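Notes to accompany the following structure.
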Amino acid sequence: MNILILGLGSIGQRHLRNLKLIEPKSNFYAIKSNRKKNTPLLNNFNQVLKGDIKKKYSLSYFNSIAEIYRNNINIDCAFVCTPSSKHISQVIELLKYNIHCFVEKPLGSSSKKLSELENLLKKKDKLITMMGYQLRFNPLLIYLNKIIKKKSPIGKLISANIHHGENIKDFHPYEDYRVSYAANKKLGGGVILTQIHEIDYFLYLFSEYKIINTTYISSKISDLDIDVEDVFFSNFLLKKNKNKISCSINLNYFERPKKRKFHLIGKSGSLVACFNTQKIRIFKNGEEKIINFNFKKNDIFIKEIKYFISKVKSKKMISKNLNLYNGIKTLRFALKLKNRFIK
């Protein structure tokens with residue numbers, strides 16, 4: 001396979017490392033117009049290693065996709081791992097070249113060109129696309145999806161809380177947080193889009209419910225040197241048939257130690273899923289049951305990449321539940337939430 005990587009930051013290099021394991025005989029290409037700028041070689045823990053990334057992964061650099069095709073190289077699939085503000089334009093170009101593409105979250109940072117992308121997807125309906133929401137492959141989320149949509153161990157569901165707090169300074173230890181995409185409005189930063197995984201899995205877990213009321217605010221309340229929101233609070237009232245559920249989502253850029261949990265309350269008990277400890281605790285009838293999910297963080301990234309590559313090879317489409325149509329839906333929802341910023 002001929003695989004193109006757009007963006008060689010932490011997530012781009014993670015996918016590159018995994019692709020080299022999954023498809024070792026493939027040829028790898030990257031768009032790199034600024035050859036003078038040094039790209040640090042990273043490991044799975046975002047630690048800088050000695051060595052040259054180009055030599056390490058036998059990368060071939062080009063200035064543009066057009067240049068690749070002028071050299072008679074046909075790209076089988078591409079991975080878009082650049083700052084969020086560049087995603088939509090790059091995806092549109094890839095689709096015009098009839099390239100299957102995997103896009104890291106979020107799909108973009110504004111609604112500009114979203115309609116153009118949607119119309120192009122309809123025309124290019126044979127191309128395989130996928131969003132990089134790797135939590136969908138997390139065993140905890142798979143378990144939560146089953147119990148919410150099929151049979152709850154804690155009875156009729158009443159309330160849920162989604163929480164993700166992590167200090168932005170800890171995201172990429174190899175770089176100054178102030179220059180990262182997450183910290184800059186022009187690059188598509190802000191806690192809502194950067195931590196959009198929580199918004200995506202909220203829409204996924206409660207896809208059978210209708211949102212009947214919403215309140216939300218975002219703001220910058222810390223002393224972080226950023227020009228985007230660092231905190232987001234929301235409350236949703238959901239309804240399925242005659243059943244109502246309240247759900248809150250809380251996100252922030254300043255919490256230490258990091259906390260990533262999903263709390264579900266039912267008529268006969270409650271459940272807490274911790275994505276950091278990989279445990280689900282179920283409380284019912286005065287007893288506690290603990291379910292342990294033992295896996296490495298990188299395992300779920302490998303699973304999603306294997307899934308995408310298998311679809312490209314078999315030429316089987318990925319459902320709208322996980323392809324770019326889902327990316328469009330989640331982005332539009334998230335952008336509405338960004339509208340209410342309190343200075």
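Quick notes on this one:
- Degrees separating the helix 10-22 axis from the principal Cα axis of the chain, which is the longest one: 80
- Stokes-Einstein D in µm²/s, Kirkwood radius over Cα pairs - region 242-324 at 37 °C with 0.692 mPa s viscosity: 200
- Ordered by the number of other Cβ atoms lying within 10 Å of each residue's own Cβ, fewest first, ARG17, ARG70 fall into the sequence ARG70, ARG17.
- Cα long-axis angle, helix 324-338 against the chain (0 to 90 degrees, to the nearest 10): 60
- The chain shape via C-alpha gyration tensor axes, a/c threshold 1.5: prolate
- Global geometry of region 38-196, whether rounded, prolate or oblate, following the gyration tensor of its Cα atoms and the 1.5 cut on a/c: oblate
- Percent of beta bridges antiparallel (DSSP, the chain, rounded to nearest 5): 60
- Taking every lysine pair in region 181-243 that is 8 or more places apart or spans two chains, those with Cα atoms closer than 25 Å amount to 5.
- Helical contribution to [θ] at 222 nm, DSSP H n ≥ 4, -39,500 (n - 2.57), averaged over the chain, rounded to 500: -8500 deg cm²/dmol
- Of LYS20/LYS86; LYS96/LYS126; LYS258/LYS336; LYS258/LYS279; LYS25/LYS311; LYS151/LYS267, pairs whose Cα-Cα distance is over 21 Å: LYS20/LYS86; LYS258/LYS336
- The residues neighbouring GLY269, those whose beta-carbon lies less than 12 Å from its own, together hold a net charge of +3 under the Lys/Arg +1, Asp/Glu -1 convention.
- Rounded Å value of the spacing that divides the Cα centres of region 207-252 and region 277-343: 18
- Neighbour-limited loop hits for chymotrypsin sites (Phe, Trp or Tyr not before Pro), region 1-88 (at most 13 other Cβ within 10 Å; DSSP other than H, G, I, E, B): PHE45
- Helix axis angle, 87-96 relative to the chain longest principal axis, alpha carbon, degrees: 60
All of the numbers you see were taken from the coordinates with simple rules; none came from a lab. Computed from a predicted structure; not experimentally measured. Here Cβ is always computed from backbone atoms with ideal geometry, including for glycine, and neighbour counts include all displayed protein chains.
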